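Input: a single structure, listed below in structure tokens.
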Amino acid sequence: MTTITSITSTMAASFLGSFVEVVEAFTIILAVGVTQSWRPAFIGTGLALSVLAVLVLVFGPLLGLVPIDILQFAIGTLLILFGMRWLRKAILRAAGFIALHDEEKAFASETDALARQSADRRADFLAGTAAFKAVLLEGIEVVFIVIATGARPGMLPYASAGALIACIAVLVIGFLVHKPLSSVPENTLKFIVGLLLTGFGIFWVGEGIGTPWPGEDLSLIAIFALLAAFSFIAVRWLRQYHDMHMEPVAR
């Protein structure tokens, strides 16, 4: 059943998850373009997008052959594992156990690495390869997020729209400011995405095994709220433990 709640939550999860992945890929593409040239950056990006398109065209139709309950259970399980990985890192970052992710630092590191390779005759090839790998790896995660959040019948177009809007937003903002999107609260986004993906995973697993969720799609709100409450309690407890027993982590 398609409702405003299911459409909104699907698009939000797909948008936020894709936004984070595209920001990370854009940082590498920008480093390649600024340090070497835009030609290998665009070539590497184009090749990666072509590979992703082929993967979607080849494997996308196969999903239609899988019974929906089995598909929801399998994707739900993967979502829980995927979402909990993001959520765990976000909790540890918020508590101070892991340094916050810094796109400026990532950009500087990638720029330095590419600058050291600039004298190499294969510099353009190496730069294009860096862009290719970044877009392909992050793109695969975007495809997974879209398929996972749109696993319910009729939801895939909304999940795809959320991811497309995220890609356009990052590209427009990034090329306008022409620098890494360091002002984007990426770690906060990862926290939210971890909550959303884990919540969707629990919901899909329940649907896959035939669990009658109270209020149907509205139960997603309760799942997100419970996960958020647990996560904030975990952050507070871990932060107190960190402050008492460990040296401060550079932010």
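The values are calculated or read from the model by the stated rules, or taken from the named source; none is laboratory data. All values derive from a computational prediction rather than experimental measurement. Here the Cβ is made from the backbone with ideal geometry for all residues, glycine too, and neighbour counts use every protein chain on show. For accessibility, only protein heavy atoms count, side chains too; no ligands or nucleic acids. Shrake-Rupley method; radii C 1.70, N 1.55, O 1.52, S 1.80 Å.
Among the residues making up region 214-224, those that are assigned to a helix (DSSP H, G or I) and open to solvent by 60 Å² or more (accessible area, probe 1.4 Å) are GLU216, LEU218, ILE221. Scanning region 196-207 for residues that are over 14 Å from PHE144 (Cβ atoms) and either aromatic (Phe, Trp, Tyr) or open to solvent by less than 20 Å² (accessible area, probe 1.4 Å) (or both) yields a total of 4.
Here's the yes/no breakdown for (1) farther than 30 Å from ALA234 by Cα; (2) open to solvent by less than 80 Å² (accessible area, probe 1.4 Å); (3) part of a helix (DSSP H, G or I):
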| residue | (1), (2), (3) |
| --- | --- |
| PHE42 | yes, no, yes |
| SER50 | yes, yes, yes |
| ALA53 | yes, yes, yes |
| PHE59 | yes, no, yes |
| ILE70 | yes, no, yes |
| ALA74 | no, yes, yes |
| LEU78 | no, no, yes |
| LEU87 | no, yes, yes |
| ALA90 | no, yes, yes |
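Between THR188, THR211, the distinction of being among the hydroxyl-bearing types (Ser, Thr, Tyr), at pLDDT below 85 and part of a loop (DSSP other than H, G, I, E, B) belongs to THR211 only. Here LEU181 clears all of (1) within 23 Å of VAL54 (Cα to Cα); (2) modelled with pLDDT under 85 except the condition numbered (1). Taking the criterion of being open to solvent by 90 Å² or more (accessible area, probe 1.4 Å), modelled with pLDDT under 80 and either within 29 Å of ASP69 (Cβ to Cβ) or in a helix (DSSP H, G or I) (or both), the residues of region 225-251 that qualify are TYR241, ASP243, MET244, HIS245. Checked against (1) at pLDDT below 70; (2) out of contact with any Pro (no Cβ under 6 Å at 6 or more places or on another chain); (3) under 29 Å from ALA131 (Cβ atoms), GLU104 passes all but condition (2). Taking VAL32 as the residue in question, decide whether it is at pLDDT 75 or above, over 20 Å from the mean Cα position of the chain (by Cα), crowded, with 22+ Cβ neighbours inside 10 Å and β-branched (Val, Ile, Thr). When the stated conditions are applied, VAL32 passes them. Screening the candidates PHE19, PHE15, PHE26 for the property of being open to solvent by 40 Å² or more (accessible area, probe 1.4 Å), touching a residue at least 12 places away in the same chain (Cβ under 8 Å) and aromatic (Phe, Trp, Tyr) yields one hit, PHE15.
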